[in-house]
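Data block below; observations after.
Derivation of every value follows stated rules applied to the coordinates shown; laboratory data play no part. Treat the numbers as computed from the prediction; the structure is a model and nothing was measured. Ideal geometry is used to build each Cβ from the backbone, glycine not excepted, and the neighbour counts take in all protein chains shown.
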Amino acid sequence: MSDSGEKTIDPRWAEQVTPELTDAILAKAIDGRVTCPVLRKLAEDTGISYKVAGAAADLADVKVHNCDLGCF
């Protein structure tokens, strides 16, 4: 097991991330963080899976917090 501390992003989800999605997440982020409910709503509103939304947040270096369901 690697102990690099870096999160691995699944390429199946990462390849579906668009610049528009990344921009939308960055627009909703405050101090580099976004809440789980906000990210879930964005995923639902744009018709993408939670996995893709999570990958987009990871790629944008936005941390997801207040996660109740463990989606991200």
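General observations
- Mean Cβ count within 10 Å, highest first, over the residues of peptides 39-48, 14-23: 39-48, 14-23
- Within straight-line reach of LYS51, meaning a Cα separation under 17 Å, sit the following lysines at least 8 residues removed in sequence or on another chain: LYS7, LYS41, LYS63.
- For semi-axes √(5λ) of the Cα gyration tensor in Å, the candidate list reads [x] 36, 10, 7; [y] 34, 11, 7; [z] 18, 14, 12; the entry that matches the value derived from this model is [z].
- Exposure proxy order (Cβ contacts within 10 Å, fewest to most) of CYS67, CYS36: CYS67, CYS36
- Each other residue within a Cβ distance under 15 Å of LEU26 adds +1 if Lys or Arg and -1 if Asp or Glu, for a net charge of -2.
- Contour minus Cα-Cα distance for ARG33 and ASP45 (0.36 nm per residue): 2.4 nm
- Each of THR22 and ASP10 was given a label point 7 Å from its Cα along the Cα-to-Cβ line. The distance between the two points is 2.1 nm.
- Other residues lying with their Cβ under 13 Å from the Cβ of TYR50 contribute a combined charge of -2, Lys and Arg counting +1, Asp and Glu -1.
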